[in-house]
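Step one of this worksheet: look at the structure below.
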């Protein structure tokens, strides 16, 4: 689990059912990247949904996975406690961002947690983790802290010096919306 997983853990109880939408390889919540500490998000159940099958193949032995599109998430109303949207919204067009946020309100009982880069390069890597080209990795929208605050999120800008081989981000927007 990386620093972002540690931030999320402060909002998540051990009895919570957590849905990671657009989960990728769950680098924030699982121990899938060798250089991260070998810890994972502590919760009752962790489920990931993503459209890119190769990501799900990496994590399927550690968590429940659903191959699917977060724009039509196949989850019942109030069926999970917490929804994670970690480094996901920036990959959507603005209309889809609003749609996904509305849908998360339908699905989550307690909280929605969002992280998104404060800014990014247009030359992002679409072959993250050497799992093949994934055009879903292209960045399309900058999500401002104000946009999330206007939708009821408690917003923080988190600064850090993390450097991965394919990405450098000096800061992210981290936001939590309590529903209960």
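Points to keep in mind about this one:
- Long-range neighbours under 7 Å by Cβ, at least six apart or interchain, first residue at positive phi within the stretch 39-60, second part of a strand (DSSP E or B): none
- Scanning the stretch 39-75 for residues that are under 13 Å from residue 100 (Cβ atoms), in contact with a helix residue (DSSP H, G or I) (Cβ under 8 Å, 6 or more places away or on another chain) and assigned to a helix (DSSP H, G or I) returns 70, 71.
- Considering the stretch 159-177, the residues that are in contact with a strand residue (DSSP E or B) (Cβ under 6 Å, 6 or more places away or on another chain) and more than 15 Å from residue 85 (Cβ to Cβ) include one that is modelled with the lowest pLDDT, namely 169.
- So residue 29, is it surrounded by 14 or more Cβ atoms within 10 Å (Cβ to Cβ), farther than 21 Å from residue 179 by Cα and at pLDDT 95 or above: no
- Odd one out for residue 78, checked against (1) part of a loop (DSSP other than H, G, I, E, B); (2) surrounded by fewer than 21 Cβ atoms within 10 Å (Cβ to Cβ); (3) in contact (Cβ under 8 Å) with a residue 40 or more places away in the chain: (3)
- Only one of the numbered conditions (1) under 21 Å from residue 179 (Cα atoms); (2) modelled with pLDDT of 95 or more; (3) surrounded by 21 or more Cβ atoms within 10 Å (Cβ to Cβ) is violated by residue 65, and that is (1).
- Check on residue 97, part of a strand (DSSP E or B), surrounded by 14 or more Cβ atoms within 10 Å (Cβ to Cβ) and modelled with pLDDT of 95 or more: no
- Some residue of the stretch 126-139 being at pLDDT 90 or above, more than 26 Å from residue 15 (Cα to Cα), touching a strand residue (DSSP E or B) at 6+ places or on another chain (Cβ under 9 Å) and not in a loop (DSSP other than H, G, I, E, B): no
The values are calculated or read from the model by the stated rules, or taken from the named source; none is laboratory data. All figures in this text were calculated on a predicted structure; none of them were measured in a lab. No Cβ is skipped: glycine too gets one built from the backbone with ideal geometry, and neighbour counts run over all protein chains shown.
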